[in-house]
Amino acid sequence: MKILVSAGPTRERIDPARFISNCSSGKMGYALAAAAVKSGHECVLVSGPTCMNPPKGVKLIRVESAEEMFCEIRSESSDAQIVIMAAAVADYRPKKASSSKIKKTSSRILLELVRNPDILSWLGKNKKNGQMIVGFAAESESLLDNASKKLRKKNADWIIANEIGREGRGFDSDTNEVTMLSSEGGKIRIPLGKKTDIAVKILKILLAPRLGTGNT
Ligand code: CTP
(Lines give C-alpha, C1' and ligand atoms only; values in the text may rest on other atoms or scores of the structure.)
Protein backbone atom coordinates (compact mmCIF):
# COMPACT_ATOMS: atom_id res chain seq x y z
CA MET A 1 0.00 0.00 0.00
CA LYS A 2 1.21 3.54 -0.69
CA ILE A 3 0.68 5.87 2.24
CA LEU A 4 1.18 9.57 1.56
CA VAL A 5 1.85 11.79 4.58
CA SER A 6 2.33 15.55 4.80
CA ALA A 7 4.15 17.09 7.73
CA GLY A 8 5.56 20.26 9.19
CA PRO A 9 4.69 23.89 8.63
CA THR A 10 4.68 25.75 5.35
CA ARG A 11 6.57 28.98 4.80
CA GLU A 12 5.00 31.81 2.89
CA ARG A 13 7.60 34.24 1.60
CA ILE A 14 7.37 37.97 2.28
CA ASP A 15 10.79 38.82 0.86
CA PRO A 16 14.16 37.02 0.58
CA ALA A 17 14.74 37.42 4.34
CA ARG A 18 11.28 36.89 5.81
CA PHE A 19 8.32 34.57 5.79
CA ILE A 20 5.05 33.76 7.56
CA SER A 21 4.85 30.34 9.18
CA ASN A 22 3.53 28.54 12.27
CA CYS A 23 4.72 26.50 15.25
CA SER A 24 4.53 23.03 13.68
CA SER A 25 7.67 20.94 14.34
CA GLY A 26 6.73 18.08 12.02
CA LYS A 27 7.05 15.53 14.85
CA MET A 28 3.55 14.03 14.47
CA GLY A 29 3.78 13.70 10.68
CA TYR A 30 7.29 12.22 10.78
CA ALA A 31 6.16 9.73 13.44
CA LEU A 32 3.24 8.72 11.20
CA ALA A 33 5.59 8.24 8.24
CA ALA A 34 7.89 6.08 10.37
CA ALA A 35 4.92 4.03 11.58
CA ALA A 36 3.71 3.56 7.99
CA VAL A 37 7.07 2.11 6.92
CA LYS A 38 7.28 -0.02 10.06
CA SER A 39 3.89 -1.52 9.25
CA GLY A 40 5.33 -2.71 5.94
CA HIS A 41 3.95 -0.09 3.57
CA GLU A 42 5.47 2.31 1.07
CA CYS A 43 5.51 5.86 2.42
CA VAL A 44 5.99 9.19 0.69
CA LEU A 45 6.47 12.11 3.05
CA VAL A 46 5.87 15.64 1.75
CA SER A 47 7.43 17.90 4.32
CA GLY A 48 7.61 21.60 4.96
CA PRO A 49 10.80 22.96 6.56
CA THR A 50 11.63 21.11 9.80
CA CYS A 51 14.71 20.05 11.78
CA MET A 52 13.61 16.41 11.71
CA ASN A 53 15.62 13.58 10.18
CA PRO A 54 13.60 11.63 7.62
CA PRO A 55 12.58 8.19 8.91
CA LYS A 56 14.42 5.26 7.29
CA GLY A 57 12.74 3.87 4.20
CA VAL A 58 10.56 6.92 3.56
CA LYS A 59 10.67 8.81 0.27
CA LEU A 60 11.03 12.42 1.37
CA ILE A 61 9.91 15.34 -0.78
CA ARG A 62 10.83 18.71 0.69
CA VAL A 63 8.65 21.72 0.00
CA GLU A 64 8.47 25.24 1.34
CA SER A 65 5.11 26.87 0.60
CA ALA A 66 1.50 25.68 0.67
CA GLU A 67 1.35 25.97 -3.12
CA GLU A 68 4.43 23.75 -3.49
CA MET A 69 2.93 21.25 -1.03
CA PHE A 70 -0.35 21.26 -2.96
CA CYS A 71 1.49 20.53 -6.20
CA GLU A 72 3.37 17.52 -4.75
CA ILE A 73 0.33 16.14 -2.91
CA ARG A 74 -1.78 16.42 -6.04
CA SER A 75 0.62 14.32 -8.06
CA GLU A 76 1.65 11.84 -5.32
CA SER A 77 -1.96 11.21 -4.21
CA SER A 78 -3.03 9.85 -7.59
CA ASP A 79 -1.90 6.32 -6.67
CA ALA A 80 -1.93 6.52 -2.84
CA GLN A 81 -4.38 4.35 -0.90
CA ILE A 82 -4.14 6.49 2.24
CA VAL A 83 -3.37 10.21 2.44
CA ILE A 84 -2.70 11.74 5.86
CA MET A 85 -2.55 15.54 6.01
CA ALA A 86 -0.59 16.15 9.22
CA ALA A 87 1.00 19.33 7.88
CA ALA A 88 0.09 22.69 9.37
CA VAL A 89 -0.55 24.35 6.04
CA ALA A 90 -0.57 28.15 6.20
CA ASP A 91 -4.05 29.37 5.33
CA TYR A 92 -2.80 32.65 3.86
CA ARG A 93 0.23 33.90 1.93
CA PRO A 94 1.40 37.42 1.08
CA LYS A 95 -0.33 38.57 -2.10
CA LYS A 96 3.04 39.50 -3.55
CA ALA A 97 6.43 38.29 -2.34
CA SER A 98 9.02 41.02 -2.79
CA SER A 99 12.10 39.91 -4.75
CA SER A 100 14.27 42.35 -2.79
CA LYS A 101 14.45 42.87 0.97
CA ILE A 102 11.78 45.30 2.20
CA LYS A 103 13.58 48.26 3.80
CA LYS A 104 12.23 50.07 6.84
CA THR A 105 11.34 53.33 5.23
CA SER A 106 7.83 54.04 6.52
CA SER A 107 6.61 53.84 10.12
CA ARG A 108 3.81 51.45 9.20
CA ILE A 109 3.35 48.93 6.44
CA LEU A 110 0.42 46.73 5.50
CA LEU A 111 0.86 43.18 4.34
CA GLU A 112 -1.98 41.93 2.16
CA LEU A 113 -2.64 38.20 2.46
CA VAL A 114 -4.55 35.95 0.11
CA ARG A 115 -5.99 32.46 0.77
CA ASN A 116 -3.93 29.39 0.06
CA PRO A 117 -5.50 26.31 -1.50
CA ASP A 118 -7.07 23.94 1.03
CA ILE A 119 -5.25 20.73 0.17
CA LEU A 120 -7.37 18.43 2.36
CA SER A 121 -10.58 19.80 0.84
CA TRP A 122 -9.17 19.19 -2.62
CA LEU A 123 -8.30 15.60 -1.65
CA GLY A 124 -11.82 15.12 -0.25
CA LYS A 125 -13.37 16.41 -3.47
CA ASN A 126 -11.11 14.36 -5.71
CA LYS A 127 -11.09 11.10 -3.76
CA LYS A 128 -10.02 8.10 -5.85
CA ASN A 129 -11.85 4.79 -5.65
CA GLY A 130 -11.13 3.13 -2.30
CA GLN A 131 -8.84 5.94 -1.18
CA MET A 132 -8.83 6.96 2.49
CA ILE A 133 -8.37 10.66 3.29
CA VAL A 134 -7.26 11.61 6.78
CA GLY A 135 -6.89 15.11 8.18
CA PHE A 136 -6.03 16.72 11.48
CA ALA A 137 -7.99 19.42 13.28
CA ALA A 138 -5.76 21.69 15.34
CA GLU A 139 -8.11 23.43 17.75
CA SER A 140 -7.68 25.59 20.82
CA GLU A 141 -11.41 25.49 21.71
CA SER A 142 -14.53 23.35 21.06
CA LEU A 143 -12.22 20.54 19.96
CA LEU A 144 -14.65 17.79 18.97
CA ASP A 145 -17.30 20.15 17.65
CA ASN A 146 -14.87 21.93 15.33
CA ALA A 147 -13.23 18.64 14.36
CA SER A 148 -16.51 17.03 13.30
CA LYS A 149 -17.40 20.14 11.28
CA LYS A 150 -14.05 19.78 9.46
CA LEU A 151 -14.69 16.07 8.89
CA ARG A 152 -17.91 16.86 7.01
CA LYS A 153 -16.81 20.08 5.31
CA LYS A 154 -13.63 18.55 3.91
CA ASN A 155 -15.23 15.19 3.00
CA ALA A 156 -12.51 13.31 4.91
CA ASP A 157 -12.80 9.70 6.08
CA TRP A 158 -11.10 10.50 9.36
CA ILE A 159 -10.28 13.66 11.27
CA ILE A 160 -7.81 13.49 14.10
CA ALA A 161 -8.82 16.08 16.67
CA ASN A 162 -5.74 17.61 18.25
CA GLU A 163 -5.95 20.17 20.98
CA ILE A 164 -3.33 22.91 20.80
CA GLY A 165 -2.19 25.44 23.40
CA ARG A 166 -2.28 22.93 26.26
CA GLU A 167 0.85 21.49 27.92
CA GLY A 168 2.03 18.21 26.38
CA ARG A 169 -0.26 18.32 23.35
CA GLY A 170 -0.07 19.63 19.82
CA PHE A 171 2.63 21.81 18.27
CA ASP A 172 6.28 21.03 18.99
CA SER A 173 5.54 18.72 21.92
CA ASP A 174 7.00 15.18 22.07
CA THR A 175 3.67 13.97 23.43
CA ASN A 176 0.11 14.26 22.24
CA GLU A 177 -3.45 13.21 22.92
CA VAL A 178 -5.94 12.86 20.09
CA THR A 179 -9.47 11.75 19.31
CA MET A 180 -10.11 10.15 15.95
CA LEU A 181 -13.49 10.82 14.35
CA SER A 182 -14.59 8.77 11.37
CA SER A 183 -17.13 9.66 8.70
CA GLU A 184 -18.99 6.48 9.72
CA GLY A 185 -19.59 7.86 13.18
CA GLY A 186 -16.69 6.24 15.05
CA LYS A 187 -14.95 8.09 17.87
CA ILE A 188 -11.69 6.73 19.24
CA ARG A 189 -9.70 8.52 21.93
CA ILE A 190 -5.98 7.92 22.13
CA PRO A 191 -4.81 9.12 25.57
CA LEU A 192 -1.71 11.19 26.29
CA GLY A 193 1.44 9.44 25.12
CA LYS A 194 4.59 9.85 23.05
CA LYS A 195 3.87 11.04 19.49
CA THR A 196 5.76 8.01 18.18
CA ASP A 197 3.41 5.65 20.08
CA ILE A 198 0.33 7.65 19.12
CA ALA A 199 1.37 7.42 15.46
CA VAL A 200 1.58 3.61 15.67
CA LYS A 201 -1.90 3.48 17.23
CA ILE A 202 -3.35 5.82 14.58
CA LEU A 203 -1.88 3.69 11.78
CA LYS A 204 -3.25 0.49 13.33
CA ILE A 205 -6.74 2.01 13.43
CA LEU A 206 -6.53 3.33 9.86
CA LEU A 207 -5.31 -0.02 8.57
CA ALA A 208 -7.85 -2.12 10.48
CA PRO A 209 -10.70 -3.22 8.24
CA ARG A 210 -13.75 -1.03 8.90
CA LEU A 211 -12.94 -0.09 12.46
CA GLY A 212 -14.65 3.23 11.91
CA THR A 213 -17.91 2.44 13.64
CA GLY A 214 -18.69 2.31 17.31
CA ASN A 215 -17.24 4.40 20.09
CA THR A 216 -14.42 3.60 22.48
N1 CTP B 1 -5.23 21.91 5.56
C2 CTP B 1 -4.94 21.85 4.22
N3 CTP B 1 -4.77 23.02 3.52
C4 CTP B 1 -4.90 24.20 4.13
C5 CTP B 1 -5.21 24.26 5.51
C6 CTP B 1 -5.35 23.09 6.21
O7 CTP B 1 -4.84 20.76 3.66
N8 CTP B 1 -4.74 25.32 3.43
C9 CTP B 1 -5.44 20.64 6.29
C10 CTP B 1 -4.47 20.37 7.43
O11 CTP B 1 -3.33 19.65 6.98
C12 CTP B 1 -5.33 19.54 8.38
C13 CTP B 1 -6.74 20.05 8.12
O14 CTP B 1 -6.73 20.68 6.86
O15 CTP B 1 -5.29 18.17 8.03
C16 CTP B 1 -7.26 21.02 9.16
O17 CTP B 1 -6.32 22.02 9.36
P18 CTP B 1 -6.56 23.14 10.47
O19 CTP B 1 -5.39 24.07 10.48
O20 CTP B 1 -6.96 22.48 11.75
O21 CTP B 1 -7.87 23.88 9.96
P22 CTP B 1 -8.17 24.84 8.76
O23 CTP B 1 -8.81 24.05 7.68
O24 CTP B 1 -6.94 25.61 8.37
O25 CTP B 1 -9.27 25.80 9.39
P26 CTP B 1 -9.12 26.85 10.60
O27 CTP B 1 -7.70 27.38 10.52
O28 CTP B 1 -10.15 27.87 10.29
O29 CTP B 1 -9.37 26.08 11.87
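The values are calculated or read from the model by the stated rules, or taken from the named source; none is laboratory data. Since the model is a prediction, treat every value here as computed from it, not as a measurement. Here the Cβ positions follow ideal geometry from the backbone for every residue, glycine too, while neighbour counts run over all protein chains shown. What goes into the accessible areas is simple: the full protein's heavy atoms, side chains included, and nothing from ligands, DNA or RNA. Shrake-Rupley method; radii C 1.70, N 1.55, O 1.52, S 1.80 Å.
Placing +1 on the Cβ of every Lys and Arg and -1 on the Cβ of every Asp and Glu, with no other charges, gives the stretch 1-121 a dipole of roughly 580 debye about its Cα centre. Put a dot 7 Å past the Cα of Lys96, heading toward its Cβ, do the same for Cys71, and the two dots end up 2.1 nm apart.
Computed over protein heavy atoms with a 1.4 angstrom probe, the accessible surface ordering of Asp15, Asp118, largest first, is Asp118, Asp15.
Under a no-solvent Debye model with one identical scatterer per Cα of the stretch 13-165, what's log10 I(q)/I(0) at q = 0.09, 0.14, 0.21 Å⁻¹? Here the Debye-derived log intensity ratios amount to -0.33, -0.77, -1.45. By a 1.4 Å probe calculation restricted to protein chains, Cys71 has an accessible surface near 70 Å², given to the nearest 10. Mean residue ellipticity, 222 nm, helices only, the chain: the sum of -39500 (n - 2.57) across DSSP H runs of n ≥ 4, divided by residue count and rounded to 500, is -7500 deg cm²/dmol.
Using a Gaussian network model of the chain with C-alpha springs under 10 Å, which one of Glu177, Glu112, Glu67 is most mobile by mean-square fluctuation? So, out of Glu177, Glu112, Glu67, the one fluctuating most is Glu112. When the chain is treated as a GNM with alpha-carbon contacts under 10 Å, the residue of Ser75, Ser65, Ser100 showing the greatest mean-square fluctuation is Ser100. Put Met1, Met85 in order of accessible area, highest first, and with a 1.4 Å probe you get Met1, Met85. Take every pair of alpha-carbon atoms less than 8 Å apart whose residues are at least six positions apart; their mean separation over the length of the stretch 1-51 yields a relative contact order of 52 percent.
Take the Cβ atoms of Asp145 and Val114, set R0 to 30 Å, and the FRET efficiency comes out at 0.60. Restricting attention to the stretch 1-123, lysine pairs at least eight places apart or on different chains and with alpha-carbon atoms under 16 angstrom apart total 6. Among the protein heavy atoms of the chain, carbon and sulfur supply 50% of the accessible surface, probe 1.4 Å, non-protein parts ignored. Solvent-accessible area per residue in the chain equals 53 Å², computed with a 1.4 angstrom probe and all protein chains kept.
Take every DSSP beta bridge whose two residues both sit in the chain; close to 40 percent of them are antiparallel. The equivalent ellipsoid of the stretch 65-137 has semi-axes of 34, 12, 9 Å, largest first, where each one is the square root of 5 times an eigenvalue of the Cα gyration tensor.
For Asp197, the solvent-accessible surface computed with a 1.4 Å probe is close to 70 Å², ligands and nucleic acids excluded.
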